[in-house]
Amino acid sequence: MTPAVDVILPCLNEAGPLPWVLTRLPAGYRAIVVDNGSTDGSADIARGYDALVVHEAQRGFGAAVHRGLLTATAPVVAFCDADASMDPGDLPLVAGPVLAGEHDLVLGRRRTTSRGTWPAHARFANWALARLMRRATGLPLHDLGPMRAAGREPLLALGLRDRRSGYPLEMVLTARREGWSILEVDTPYSARVGQSKVTGTIKGTITAIRDMSQLLAEHKKDAARGRTERVRP
Ligand SMILES: Nc1nc2c(ncn2[C@@H]2O[C@H](COP(=O)(O)OP(=O)(O)O)[C@@H](O)[C@H]2O)c(=O)[nH]1
Ligand SMILES: [Mg+2]
């Protein structure tokens, strides 16, 4: 039976949190764990919890997430970290409005449930990027959170190209350019289990900022080109 929602869980050494994460999925939601060369047995653990496990050889958050999107078959796909910082039981908050046909893309704004959940440098980087994202899109967005949902086929049609940490931002910018209806909702966020792979280190944060700044600059150039083309006779 085709699930209503395929949940894409990028996974790089998440043996600790995976059992909890994979038992939290609501009925009708299928887990697709995209393993990116884990060395801690994550893939076997995921299979033990009946998740569909796929491998992606190319390293990078975007490469893993995109592999999940190519693997999905459900009409709606949702994205979630596999680190137990967010509860898959909350996925209906983002998938619900897409399933109901009310919005094309729903983004979960991370709302911390306890102090010390989010390292200060990551919180600051996210705040600065959200500000730039608001300016670029004109939408009242506050976070580039990983929990989100959209229709599978429309998402594929966006033709996203980033395969690193810019993927979530490219999704928002391209969806906006295509005139999608985008909604942000609050989603609970707590301390992850295990070591962060992206923004938990200063180096990871700097790479994320670099990838995202490049995308914002390209988006600005595209928008300016669009304006020039429109005024041409
Ligand atoms: N497959 C894959 N997953 C990744 C990669 N980098 C991060 N992840 C996963 O993507 C999710 C987000 O990474 P995380 O370390 O939580 O980043 P943070 O939320 O910024 O601290 C986690 O489930 C990671 O296991 C990668 O290169 N490949
Ligand atoms: Mg995380």
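The values are calculated or read from the model by the stated rules, or taken from the named source; none is laboratory data. Just so it is clear, the structure is predicted and the values come from calculations on it, not from any experiment. In this analysis, Cβ positions are derived from the backbone assuming ideal geometry, glycine residues included, and neighbour counts consider all displayed protein chains. With ligands, DNA and RNA removed, areas are computed over all heavy atoms of the protein, side chains included. Shrake-Rupley method; radii C 1.70, N 1.55, O 1.52, S 1.80 Å.
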Quick test of your reading of the structure: residue 137 fulfils all but one of (1) open to solvent by less than 40 Å² (accessible area, probe 1.4 Å); (2) modelled with pLDDT under 95; (3) more than 19 Å from residue 169 (Cα to Cα); (4) away from ligand 1 (no atom under 16 Å from the Cβ). Name the failing condition by number.
(3)
Only one of 191, 208, 217, 224 that is within 11 Å of ligand 1 (Cβ to nearest atom) and over 21 Å from residue 67 (Cα atoms):
191
For residues that are crowded, with 17+ Cβ neighbours inside 10 Å and touching a strand residue (DSSP E or B) at 6+ places or on another chain (Cβ under 8 Å), tally how many sit in segment 145-182.
16
Scanning segment 26-45 for residues that are of a type in the set (A, V, I, L, M, F, W, C) and within 22 Å of residue 95 (Cα to Cα), the one most open to solvent (accessible area, probe 1.4 Å) turns out to be 27
Condition first: open to solvent by 60 Å² or more (accessible area, probe 1.4 Å), at pLDDT below 95, outside any helix (DSSP H, G or I) and not hydrophobic (A, V, I, L, M, F, W, C). Can you find one or more residues in segment 17-25 that meet it?
no
Might you let me know whether segment 105-120 holds any residue that is surrounded by fewer than 16 Cβ atoms within 10 Å (Cβ to Cβ) and in a helix (DSSP H, G or I)?
yes
If you take the residues in segment 59-106 that are touching a residue at least 24 places away in the same chain (Cβ under 8 Å) and at positive phi, which one is farthest from ligand 1 (Cβ to nearest atom)?
84
Filter segment 107-125 for residues that are within 19 Å of residue 168 (Cα to Cα) and without any contact (Cβ under 8 Å) to a residue 24 or more places away in the chain; which is farthest from the chain's Cα centre (by Cα)?
124
From the list 101, 89, 68, which one is crowded, with 20+ Cβ neighbours inside 10 Å and at pLDDT 95 or above?
68
